[in-house]
1. May I ask you to rank Tyr373, Tyr248 by accessible area, largest first, using a 1.4 Å probe over the protein chains only?
2. Near Lys510, which lysines are there with a Cα under 25 Å away, not counting those fewer than 8 places off in the same chain?
3. Could you rank Glu452, Glu533 by how accessible they are, 1.4 Å probe, largest area first?
4. Kindly report, to the nearest 10 Å², the accessible surface of Ile559 as traced by a 1.4 Å probe over protein heavy atoms only.
5. Using only the alpha carbons of segment 315-381, what is the convex hull's orientation-averaged projected area in square nanometres?
6. When the Kirkwood hydrodynamic radius is evaluated over all pairs of different C-alpha atoms of segment 273-432, what value in angstrom, to one decimal, is obtained?
7. Please name whichever of Ala384, Asn370, Gln356 sits farthest to the positive end of the charge dipole of segment 297-405, dipole taken about the Cα centre and charges placed at Cβ: Lys and Arg +1, Asp and Glu -1.
8. Any chance you could look up the accessible area of Ser349 with a 1.4 Å probe, heavy atoms only, rounded to 10 Å²?
Amino acid sequence: MQRVETPATPSRQRPGGACEECRRRKLRCDRQHPQCGVCAAAGVACFTTTTRAPRGPKRGYLKAMQARIAALEGAVNQQQADGDSNDPVCTDNGTDDFFTPDIEQLGWQWDFPTIDTESFLHDASLAIPPPYGSSTGSTTTGSESAVSAPLTRPFDDVASPEALHSLAAFEDASGFCTTNVSSLMQAELDQLYFDRVDSCMPIIHQGRYSSWARQTTKTRQQLGLQYTLWTAAAAASAHYQGMGDSLYHEARRLIRDPEEGLTSPTTTEIEHVQAWLLLAIHELMFIDFRRGWISAGRAFRLIQLDWARYTNDLGSECASAQWIEAEQRRRTFWMAYCLDRFMSLRSGSPPTFSEQNIIRLPAPEAAFQNDGYVLTGCLTDAIASRDTIQTSPFTECIVVATMAGRALSHQHLVATQPNPPRDFWDRHQLINSVMMPRMAAFPLKYPPAMQEADPVLMFVNLMWRATVLFSQVPVLAEHAVSAADDGGFVVAEYARRSSLAGQEVVSIAKKLTQVNWFKIHPLMPIPLSLCSELLNSQSGLDESVEKCLPLVQEVMNDIKRFNNLGRGFYNYKA
């Protein structure tokens with residue numbers, strides 16, 4: 001049988017490598033010499049690089065990783081045997097050798113690709129048992145959010161084995177032992193924070209933070225704030241959630257250590273207060289209600305210790321840096337003020353800060369970030385305002401927090417006066433005469449479309465409804481009816497207000513089902529759970545509102561998958 005030879009298929013391209021210009025522009029190179037067609041048409045020099053670095057991991061990569069894991073296993077086993085509860089990320093007993101690789105021995109910088117390193121270490125860490133005596137915290141199911149999964153040690157300051165594997169430890173130029181985060185990761189975590197977190201907690205000046213964050217030498221307070229920001233950013237990112245536990249423990253260690261020294265400074269750096277305040281909100285969301293509330297108390301006391309520095313009122317002739325410093329302190333105080341009042345409204349405890357203060361309201365966000373001096377008004381002026389001129393979402397949040405605090409103080413007055421006098425009804429009317437018009441002016445300043453686009457405005461809108469419902473609770477209604485001249489009118493008015501508030505709550509709950517979880521305010525479980533409880537305890541609501549009440553609870557349960565504040569609060573009260 002005669003064999004038929006088929007002609008060889010011609011090569012699609014000439015042999016040899018593509019030139020650098022075609023590689024850069026991602027075009028097909030015809031490999032003509034001395035100049036290809038693309039370079040000839042563009043009028044640029046054509047040159048080809050014949051030697052390129054080999055792909056794949058460098059020599060000794062896997063062996064170095066295996067040796068590192070073995071060292072970590074030995075350190076964890078030794079910790080189990082000794083029952084040592086010291087922080088394994090940064091110690092002074094020689095264990096740093098386990099966590100800091102010998103760069104000269106390995107021959108390359110300890111800066112691996114994030115995905116490969118984390119996946120490799122995660123597989124290896126499955127075989128390592130947790131430290132003896134460590135708390136396992138709450139167990140999350142498959143239906144719950146992965147954002148809260150890494151942070152499952154509510155009362156254990158010892159970092160988990162997974163946390164030790166996620167990041168290396170090193171001593172920076174300031175002499176502090178910190179976790180190693182590459183420059184690219186630092187830049188991305190910073191951007192994540194200002195994109196997803198800062199709008200709800202606008203107390204950091206981005207330009208000033210970026211200026212000192214790039215410096216090699218930082219104070220411990222600055223490092224603590226930096227790691228706190230990264231912790232919050234990692235919690236708001238699916239990509240960096242595996243680093244959240246490590247960053248959290250490192251942030252807490254950095255801001256806790258200065259307070260445990262033998263001597264304390266006469267003044268507190270603003271970065272230290274901001275770190276405690278932001279860490280408290282993170283702990284309320286992902287760790288534990290009790291721990292978060294204690295951390296918030298630390299921030300409150302630090303503010304009170306330096307009260308004179310928060311009440312300084314600078315004139316327009318002050319330097320830009322001085323105004324930024326003063327504005328950051330104002331914003332930090334008002335953020336603590338809001339957190340104090342919102343949490344007190346939910347727990348029933350008296351607030352720490354009084355509304356009778358001389359601290360001016362924060363400047364608009366654009367002026368703050370662009371170093372533009374603005375002389376702002378006082379809290380009393382903002383509460384009494386009925387105009388439709390927009391101020392800022394932060395100011396609206398402060399106003400509703402103040403009215404919530406007034407309603408809470410009025411309820412505390414009920415407990416101390418079983419038989420209310422006439423002035424009780426007068427005080428009740430005064431609170432409502434201020435609250436209802438101010439709440440009615442809010443949608444005129446910020447239309448519904450603007451509210452849906454801003455998580456702070458949506459939170460404020462729901463907080464107004466929670467405050468109205470709270471001021472009409474049965475115990476207050478009974479005292480008001482007994483003290484009022486026309487009890488029947490009061491009962492009818494309370495029922496009407498509760499029904500209107502219930503309709504708004506249901507409407508907001510429906511909108512929350514269509515909002516990305518990253519766009520929901522971190523403290524949203526406070527008004528949502530409060531409204532759910534108060535509406536279920538009300539009688540005489542419209543039938544349409546009663547039918548939709550399960551939707552409010554359903555939204556609350558969905559938020560618990562991404563935010564433990566609601567669940568943690570119920571556990572705390574129980």
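The values are calculated or read from the model by the stated rules, or taken from the named source; none is laboratory data. As the structure is a prediction and not an experimental result, all values here were calculated from the model. With ideal geometry, Cβ positions are generated from the backbone for all residues, glycine too; neighbour counts draw on all protein chains shown. These accessible areas exclude ligands, DNA and RNA; they are computed on the full protein's heavy atoms, side chains included. Shrake-Rupley method; radii C 1.70, N 1.55, O 1.52, S 1.80 Å.
1. Working: Tyr373 80, Tyr248 0 Å².
Per-residue accessible area, sorted high to low, gives Tyr373, Tyr248.
2. Lys510 reaches Lys445, Lys519, Lys547, Lys560.
3. On the way: Glu452 95, Glu533 75 Å².
Correct descending sequence by accessible area is Glu452, Glu533.
4. 10 Å²
5. Details: hull surface 19.9 nm².
Taking a quarter of the hull surface, the average projection is 5.0 nm².
6. Numbers: mean 1/r = 0.0580 Å⁻¹.
One over the average 1/r among Cα pairs gives 17.2 Å for segment 273-432.
7. Gln356
8. 40 Å²
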